[in-house]
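Scroll down for the structure; my scribbles are underneath it.
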Amino acid sequence: MPISPRSDGLPTRIAAGVLLFVLCCLLSSFWMVHDAPNPLHLGDDDVAARSDQRFTVMKSVLPSHGVVGYIGEPGNSGTADYYLAQYSLAPLVVDRSLNHPLVIANFPTSSASSLPQKLQLVRDFGNGVLLYASKDMK
């Protein structure tokens with residue numbers, strides 16, 4: 001059966017295919033806009049501000065500059081907590097290593113139960129924030 005051309009010269013199947021493609025694109029864009037967070041509520045859950053509050057007292061005890069070690073929860077959630085600790089304690093450099101005289105322990109969702117023996121607790125600031133001193137670096 002031959003395809004009958006439309007008056008503008010495009011076959012009907014091509015025009016229907018283009019129309020279907022455009023509708024799918026519009027539908028995809030609609031769902032992307034529909035599922036996006038409301039910009040008016042983005043400030044309600046300010047993770048950085050909460051992280052600053054967790055580290056405020058510790059920051060007053062730590063030196064104003066230099067490098068401190070860091071230990072935290074393993075996995076992807078631990079990486080986000082590490083970056084938030086860096087942000088909260090700036091300009092102090094936070095190195096994800098135990099090879100420093102002072103080591104920050106950050107365990108917001110679990111306990112610091114299996115820490116290396118070379119660390120000695122200096123102070124527990126609550127909310128999973130602890131300060132340790134390395135026994136090897138005194």
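Laboratory data are not the source of any read-out in this text; all were calculated from the coordinates shown. Keep in mind that what you see is a predicted model, and the values were worked out from it rather than measured. Neighbour counts are summed over all protein chains in view; Cβ atoms, including those assigned to glycine, are modelled from backbone coordinates with ideal geometry.
Just a few scattered comments:
- Net +/- balance of residues flanking V129 in space, Cβ distance below 15 Å, scoring K and R +1, D and E -1: 0
- Hz values of 3J(HN,Hα) by residue in segment 49-58 - Karplus curve (6.51, -1.76, 1.60), Gly and Pro given as x: 5, 5, 5, 4, 5, 5, 9, 4, 5, 4
- Positive minus negative residues near T109 (Lys, Arg vs Asp, Glu; Cβ under 11 Å): -2
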